[in-house]
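Data first, discussion second: the structure below is written as structure tokens.
The values are calculated or read from the model by the stated rules, or taken from the named source; none is laboratory data. These figures come from a predicted structure and were not determined experimentally. Counting neighbours? That spans all protein chains shown, and the Cβs are built from the backbone with ideal geometry, glycine included.
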Amino acid sequence: SRLWKYVKPNFWGHSERIENTAGSGIPDVNTCWDGHESWIELKIMKGYQFFLRRTQYNWISNRLKEKGNVFILIGNKRNTNRWQLDLISGSDLLKTKPCNEKDQYYILI
């Protein structure tokens, strides 16, 4: 939620944070700007990696098969005042090989 509070003012168009009760694996944010709808998963770096649950990875994969737009916004709080942000596409995520550890996928950056 800290990352969302930081990035929300910078989103264009209509963006809504989706609550976890909506379904397992659904990304955190749905956004639409100028007729283009996208889903965005918010992740915070832990060292040089971030974690996805299996349900998140599968949801992204299924949505991309139907030509949907999915992105992962990765936040890394380098110091107490600023976030460093990286945006990767869901299709770039699927090009990586996830490592399975306790039903989590972690992606090294």
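Structure notes:
- Of all the numbered requirements in (1) touching a Phe, Trp or Tyr at 6+ places or on another chain (Cβ under 9 Å); (2) more than 15 Å from SER89 (Cβ to Cβ), ASN62 misses one, and that requirement is (1).
- Residue that is surrounded by the fewest Cβ atoms within 10 Å (Cβ to Cβ) [pool: residues in segment 1-17 that are outside any strand (DSSP E or B) and either among the small types (Gly, Ala, Ser) or under 12 Å from the mean Cα position of the chain (by Cα) (or both)]: SER1
- Where ILE107 falls short, out of the listed (1) at pLDDT below 80; (2) surrounded by 17 or more Cβ atoms within 10 Å (Cβ to Cβ); (3) in a loop (DSSP other than H, G, I, E, B); (4) of a type outside the set (Lys, Arg): (3)
- Remark: THR31 falls outside the filter, which requires a residue to be more than 21 Å from TRP83 (Cβ to Cβ) and of a type in the set (Val, Ile, Thr).
- Within segment 1-49, the set of residues being small (Gly, Ala, Ser) and more than 19 Å from SER91 (Cα to Cα) comprises SER1, GLY13, SER15, ALA22, GLY23, SER24, GLY35, GLY47.
- Answer residue from segment 30-64, given it is of a type in the set (Lys, Arg) and closer than 25 Å to GLY13 by Cβ and is surrounded by the fewest Cβ atoms within 10 Å (Cβ to Cβ) among those: ARG63
- Note on segment 65-85: among residues that are outside any strand (DSSP E or B) and in contact (Cβ under 8 Å) with a residue 24 or more places away in the chain, the one that is farthest from LYS8 (Cα to Cα) is GLY68.
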